[in-house]
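A.B. asks: The structure's right below; bear with me while I get my questions together.
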Amino acid sequence: MSKNLINALQIDHNSVKFITAQEIEIANQGSILQVLGMTEKKGKWNIDNHIDKDLLASYIKSSHLENERLAGQKITNTLVSVNKEITSKYITQELFLNNIEITEEHIKSFYNSKEFIDLYESSKIPIHTLPISYKIDEKKIISDPIGLTAQLLTVKWHVISISKNQLKEINELLDASDLHMKQCVLAPYASSLAAINEMESSIGVICLDLNYYKTEVTIIIDDQLVFFDSSDIGLKYVNRDLQSILNISEEDSNSLRLKWFSDSGSKNLDETQTRIKDIIACRMEEIIELVFSKLKISKYYDLANSHIVLTGEGAKYFNTLELATKIFKTKNIRIGAPHKIHGLKTLIDNPNNSTCMGMLNYALSTEFQYDVKNETNKKDSVLSMLYNFFKAI
């Protein structure tokens with residue numbers, strides 16, 4: 001008997017991660033995910049922003065085949081994370097209801113509206129379309145309008161889009177491995193889904209995803225992604241500082257960063273060791289301060305700044321919590337940890353795997369992606385697939 005598998009593919013600058021999990025129903029607990037395995041491949045297919053697509057496709061295929069071996073069955077589909085060429089926009093929809101009771105169908109009517117259909121006429125394609133606030137008539141914003149009566153319902157939508165060319169390139173890479181894309185997922189959004197808990201998601205939380213090539217931030221309020229931003233300033237700049245100041249090779253600078261990212265002891269350090277730790281600390285503080293300055297611009301910051309969650313490779317730096325606490329001036333800061341996901345502890349508890357873990361959570365809470373009844377041998381066009389996905393929500 002085949003297992004109900006959920007797969008997620010994360011393609012970074014020069015790294016591919018392919019994770020496969022099995023959905024398991026637990027009595028009185030609902031669904032959990034058991035990770036069967038994750039394959040990670042690192043290579044040099046992205047040099048000076050020139051991508052060797054054939055080499056990248058070979059790494060994806062290799063990871064795909066390895067996960068099929070781990071799962072013991074054929075894998076035909078996967079979620080895919082994206083973190084470049086992203087645009088974010090807000091659309092306000094007004095529904096004149098003549099004082100009738102609001103239903104879920106009123107909210108879903110957006111997917112049949114001209115505003116939504118027009119999104120597909122541009123060079124971009126929406127991957128997430130999220131209702132982030134509701135207003136009844138001219139009264140204050142409410143979190144849930146279902147069951148209330150109104151003359152006018154105003155819904156604010158947050159639309160996350162990527163370029164159609166990028167979507168085409170992703171599908172070409174997957175075709176080479178006989179894989180079908182079920183859905184694109186914004187990488188920092190996935191990381192937040194892996195890291196935050198239900199309480200934080202409901203009342204408001206900021207998630208900082210501190211990665212090697214990027215630093216990304218999301219704000220979740222009322223269980224919806226209301227804001228995200230990113231910067232190309234990441235941990236690579238720690239390496240560059242070490243390389244420049246100490247006059248060492250790129251490889252040696254990375255080794256030093258990894259060695260001193262964990263607190264290897266602060267006593268009896270020589271001058272060079274102290275200098276290394278100071279360089280790392282100064283650059284990490286600058287990275288977090290940059291995120292803070294971006295967040296302060298968002299009108300959602302004051303609604304969510306009481307809880308901060310850290311993910312990504314930078315979350316493993318021994319002093320990250322102390323630095324973030326000083327900069328954000330709040331004590332409710334923690335390292336994110338996946339929930340409802342079981343498996344090898346070193347894999348699950350590694351904040352560097354948050355994006356993969358979050359895509360699993362995303363799939364678990366979005367039944368359409370992995371509804372067996374929707375499986376077909378016929379490959380729909382990507383645009384049709386995404387359009388029908390939103391309509392089926």
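A.B. asks: Output the residue which, of all residues in region 61-103 that are among the hydroxyl-bearing types (S, T, Y) and surrounded by fewer than 17 Cβ atoms within 10 Å (Cβ to Cβ), is nearest to V35 (Cα to Cα).
C.D. replies: Only one residue fits best here, namely T76.
A.B. asks: Cβ-Cβ distance below 6 Å, separation of 6 or more or different chains: which pairs start in region 77-105 with a residue that is charged (D, E, K, R) and end on one that is not in a loop (DSSP other than H, G, I, E, B)?
C.D. replies: E85/I162; E85/S163; E85/Q166; K89/V159; E94/T154; E101/T149
A.B. asks: Do we find that G204 is touching a Gly at 6+ places or on another chain (Cβ under 9 Å) and closer than 30 Å to L364 by Cβ in this structure?
C.D. replies: Against the criterion (touching a Gly at 6+ places or on another chain (Cβ under 9 Å) and closer than 30 Å to L364 by Cβ), G204 does not qualify.
A.B. asks: Out of region 91-118, which residues are hydroxyl-bearing (S, T, Y) and either out of contact with any helix residue (DSSP H, G or I) (no Cβ under 8 Å at 6 or more places or on another chain) or not assigned by TED's automatic domain parsing to the domain that holds I136 (or both)?
C.D. replies: T92, T103, S109, S113, listed by residue number.
A.B. asks: Here is a further query. Take I203 and tell me if it is touching a residue at least 24 places away in the same chain (Cβ under 8 Å), of a type in the set (A, V, I, L, M, F, W, C) and closer than 19 Å to K294 by Cβ.
C.D. replies: no
A.B. asks: So K156 passes all but one of these: (1) of a type outside the set (S, T, Y); (2) under 20 Å from the mean Cα position of the chain (by Cα); (3) surrounded by fewer than 22 Cβ atoms within 10 Å (Cβ to Cβ). Which condition number does it fail?
C.D. replies: With respect to (1) of a type outside the set (S, T, Y); (2) under 20 Å from the mean Cα position of the chain (by Cα); (3) surrounded by fewer than 22 Cβ atoms within 10 Å (Cβ to Cβ), K156 is out only on (2).
A.B. asks: Looking at (1) in a strand (DSSP E or B); (2) modelled with pLDDT of 95 or more, which one does K41 not meet, given that it meets all the others?
C.D. replies: With respect to (1) in a strand (DSSP E or B); (2) modelled with pLDDT of 95 or more, K41 is out only on (2).
A.B. asks: Any chance you could count how many residues in region 159-177 are out of contact with any strand residue (DSSP E or B) (no Cβ under 7 Å at 6 or more places or on another chain) and surrounded by 19 or more Cβ atoms within 10 Å (Cβ to Cβ)?
C.D. replies: Residues in region 159-177 being out of contact with any strand residue (DSSP E or B) (no Cβ under 7 Å at 6 or more places or on another chain) and surrounded by 19 or more Cβ atoms within 10 Å (Cβ to Cβ): 2 in total.
A.B. asks: Suppose we keep only residues that are surrounded by 21 or more Cβ atoms within 10 Å (Cβ to Cβ) and assigned to a loop (DSSP other than H, G, I, E, B) within region 178-200. Which one would you say is farthest from the chain's Cα centre (by Cα)?
C.D. replies: Top of the filtered list is L179.
A.B. asks: From (1) surrounded by 14 or more Cβ atoms within 10 Å (Cβ to Cβ); (2) in a strand (DSSP E or B), pick out the condition that doesn't hold for E25.
C.D. replies: The failed condition is (1).
Here is a yes/no grid of residues against (1) in contact with a Phe, Trp or Tyr (Cβ under 9 Å, 6 or more places away or on another chain); (2) within 30 Å of G343 (Cα to Cα); (3) outside any strand (DSSP E or B); (4) at pLDDT 90 or above:
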{"site": "L56", "(1), (2), (3), (4)": "yes, yes, yes, yes"}
{"site": "T78", "(1), (2), (3), (4)": "yes, yes, no, yes"}
{"site": "Y90", "(1), (2), (3), (4)": "yes, no, no, yes"}
{"site": "N98", "(1), (2), (3), (4)": "no, no, no, no"}
{"site": "S109", "(1), (2), (3), (4)": "no, no, yes, yes"}
{"site": "P131", "(1), (2), (3), (4)": "yes, no, no, yes"}
{"site": "L152", "(1), (2), (3), (4)": "yes, no, no, yes"}
{"site": "S161", "(1), (2), (3), (4)": "no, no, no, yes"}
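A.B. asks: Look at N239 and say whether it is closer than 15 Å to I288 by Cα and buried (at least 19 other Cβ atoms within 10 Å of the Cβ).
C.D. replies: no
The values are calculated or read from the model by the stated rules, or taken from the named source; none is laboratory data. Keep in mind it's a predicted model, so treat the numbers as computed, not measured. Please note: Cβ atoms are built from the backbone with ideal geometry, for glycine as well, and neighbour counts cover all protein chains shown.
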